[in-house]
Amino acid sequence: MNDTGNLMRTSKSLPLSVTLLNIALLSAVNPASSNWQLGPFTRPTNAPIIAPNKASLFTDPIAKTPIHWEALHTFNPGAIVRDNKIYVLYRAEDDTGKMLIGEHTSRLGLATSTDGIIFTRLPEPIFYPSNDAQQSREWPGGVEDPRVVESEDSNRDQRYVLTYTQ
């Protein structure tokens, strides 16, 4: 083994907390090295940008009935910028079931904005449980916590990858 191999083995065995502490200490000693940091952030409005909408109706493909798909909660967004427009995927919970955590179905909505403050939502969810191979994992709880990233695929229609929780 050479010195590089020993160093790699040693650094892999360091607990994460020690590594994070070292990073924090280095940042405190040399603030100029913290240029990776985003912010500071300010809240441009005192209201949520995307709030529940009790009027939004969607015919659920499993229940086969109209559902107020974003009536109860809207949260856990993921965003990307494309062609100078902000696209936000967000989790929305319907108002079916008991008023307990985990008793509602979540679906993913899409909202767009040019300024990051005023958003226009699509009237129906863009991703939701359906009668497909994933139904046993997604129904009745739904799909949650969307994240979207841009891939290196040169095909403009296949450039983005969506991850979510079932």
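Every read-out reported here was derived from the displayed coordinates using simple, explicitly stated rules and does not represent laboratory data. No experiment lies behind these values; they were computed from the predicted model shown. Here the Cβ positions follow ideal geometry from the backbone for every residue, glycine too, while neighbour counts run over all protein chains shown.
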Q: Provide the per-residue ³J(HN,Hα) series for segment 141-153, in order, calculated from phi with Karplus coefficients 6.51, -1.76, 1.60 and θ = phi - 60°, each as a whole number of Hz, with x at glycine and proline positions.
A: x, x, 10, 9, 6, x, 9, 10, 10, 8, 9, 8, 4
Q | Prolate/oblate/rounded label for segment 69-166 (Cα gyration tensor, a/c 1.5) | A | oblate
Q. Residue separation times 0.36 nm, minus the C-alpha to C-alpha distance between T112 and V81: what's the value?
A. 10.2 nm
Q: Just the Kirkwood number for segment 102-141, please: inverse of mean 1/r across all distinct Cα pairs, in Å, one decimal.
A: 11.9 Å
Q. So how do 74-80, 55-61 stack up, highest first, on mean other-Cβ count within 10 Å?
A. 74-80, 55-61
